[in-house]
Amino acid sequence: MIPDNEQVVLHKKKVISNRKIAPGVFYLTFEKTGSFKAGQTVAVGVVPGIEPRLYSIASGEKEREMSILFIVVPGGFLTPRMAELVKGDTVFVSGAFGTFYGTKEPAYWIASGTGIAPYHSMYLSGLTQNKILIHGGRKLDSFYFNNQFQPFFKEHYIRCCSQESGDGVYEGRLTHYLREQQHLPPDYKYYLCGSSEMVVEARDILIEKGIAFDNIFAEIYF
Ligand SMILES: Cc1cc2nc3c(=O)[nH]c(=O)nc-3n(C[C@H](O)[C@H](O)[C@H](O)COP(=O)(O)OP(=O)(O)OC[C@H]3O[C@@H](n4cnc5c(N)ncnc54)[C@H](O)[C@@H]3O)c2cc1C
C-alpha cells in the first residue's frame, strides 16, 4: 500500500530497456529517481492521474539506473501496458520507500514468484554474506535470475517447483520445503516476499518451528 500520510510524488523518467526474461515476465529499466536501500519499493505508473502500482526495486543500490521485475497480470490495468514499453517511452516513478530492506546479518531470503525482486537488489548491493535463498515457482522457467544465483549461492539457493520437476530442483511448494526442515536457526532473520497466501503460510510454519515473530519480516504483493 502507498503510505497514507506521505504524498507520493511521481517523477517523469525515460525507459532505458524492457527485457522479457520469462513468459509474461519483464525486467524494466528506467532513469533512477534517487538513492534507496536494497529491498525498498517504488510506485510506478504509465498514465498521469491513474493510481500507480508498487514494485520492489530489483536493481542494485549503486547502479546508475533503476529496474523492476514484473509479471503481466491478465486483465490488470498497468502490467499489460508496462509490457508494451520500449526504450525512450515515459514512466512516472516515485522515490523509494518502505522498511523491507536487507542487512548484513545472517538471514533466509524466501520468495514466491516475482517476490524474488528485492533479493536480487540485495544480492547486487553486496548483502550476500550468510544468506540462504529459497525461491518458489510453479514452472522451471519461474526461477528468475537463477543463472546469477546458482553459481553464487550454490547449495544455499533452493528452488521449489510446484508443477514441474528438474535437476537440482525441490519438487513441491516452498512451504512444504520449510515444513520438512528439522532445524531452522533461531538467530537468523527470515524475510518473506510474494503472495499473501505464501507469506501467511510460511510465517505460521516459521513460528511453529520456534522462530521469534520479531525475526520475521514480510512484504506482501497481493
Ligand atoms: C509492496 C508491494 C510491492 C510489489 N512489488 C511487485 C513486484 O516487484 N513485481 C510485481 O510483479 N508485482 C509487485 N506488486 C504487485 C503490483 O503492485 C500490482 O498489484 C501488480 O503488478 C498488478 O498490477 P495491474 O495494474 O496489472 O493489476 P490491477 O488492475 O491492479 O489488479 C488486478 C488484480 O490482480 C491481482 N494481482 C496483483 N498482482 C498479482 C500477481 N502477481 N498474480 C496474480 N494476481 C495479482 C490484484 O490483487 C488485483 O486483484 C507489489 C505490490 C506491493 C503491495
Handout entry: the stretch 151-222 and the stretch 88-143: distance between their alpha carbon centers, rounded to Å
Key = 14 Å
Exercise for the section: For K14 and F213, compute 0.36 nm times the residue count separating them, minus their Cα-Cα distance, and round to one decimal in nm. Expected result: 67.5 nm
Handout entry: For the stretch 205-222, 3J(HN,Hα) per residue [Karplus equation, 6.51 cos²θ - 1.76 cosθ + 1.60, θ = phi - 60°, Hz, x = Gly/Pro]
Key = 4, 4, 5, 4, 8, x, 7, 5, 3, 5, 9, 10, 10, 10, 10, 9, 8, 7
Exercise for the section: Tell me which residues come under 5 Å, amide H to amide H, from E219 once H is placed; ignore anything under 5 positions away on its chain. Expected result: L192, C193, G194
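Helix-only estimate, please: 222 nm mean residue ellipticity of the chain, summing -39500 (n - 2.57) across DSSP H runs of length 4 or more and dividing by its residues, to the nearest 500.
So the helix-based figure for the chain works out to -5000 deg cm²/dmol.
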Exercise for the section: Could you order peptides 10-23, 109-122 by the average number of other Cβ atoms within 10 Å of their residues, highest first? Expected result: 109-122, 10-23
Fill in the blank from the handout: The number of Lys pairs in the chain whose alpha carbons lie under 18 Å apart, excluding pairs fewer than 8 residues apart on one chain, is 20
Exercise for the section: Give a quick list of trypsin sites (Lys or Arg not before Pro) in the stretch 39-73 that DSSP marks as loop, anything other than H, G, I, E or B, with at most 14 other Cβ atoms within 10 Å. Expected result: K62, R64
Problem - With 5 Å bins from 0: P(r) over the chain, alpha-carbon pairs, percent - result: 1, 7, 15, 19, 20, 16, 11, 7, 3, 1, 0
Practice task
Among S195, T79, C160, pick out the residue whose Cα is farthest towards the positive end of the charge dipole of the chain, where Lys and Arg carry +1 and Asp and Glu carry -1 on C-beta, about the Cα centre.
Solution key: T79
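Taking the Cβ of T29 as the centre, find all other residues whose Cβ is under 11 Å away and add up their charges (Lys, Arg: +1; Asp, Glu: -1). Don't skip to the answer; put the middle values down first.
Values: positive: K13, K14, R19, K32, R64, K87; negative: E31, E63, E65.
Within the 11 Å Cβ shell, the charges total +3.
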Handout entry: Under 5 Å, built H, 5+ apart or other chain: amide partners of I132
Key = A107, Y108, W109
Completion exercise
Normalised Cα Rg of the stretch 11-93, dividing by 2.2 N^0.38 Å with N its residue count, works out at 1.00
Handout entry: Estimated vicinal HN-Hα couplings, Hz - the stretch 146-156 in sequence order (Karplus 6.51, -1.76, 1.60; Gly, Pro = x)
Key = 5, 6, 8, 5, 4, x, 7, 8, 6, 6, 8
Completion exercise
For the stretch 25-37, in residue order, the Karplus 3J(HN,Hα) values (coefficients 6.51, -1.76, 1.60; θ = phi - 60°; whole Hz; Gly and Pro = x) are 10, 10, 10, 9, 10, 9, 4, 6, 9, x, 7, 7, 9
Practice task
Name the longest site-free stretch of the chain, where the excluded sites are GluC sites (Glu not before Pro) in a DSSP loop with no more than 16 other beta-carbon atoms within 10 Å.
Solution key: 85-163
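Bear in mind these aren't lab numbers, they're just calculated from the coordinates by the rules spelled out. Note that the structure is a prediction, hence the values are computed from the model and not measured. Heads up, the Cβs are rebuilt from the backbone with ideal geometry, glycines too, and the neighbour counts pull from every protein chain shown.
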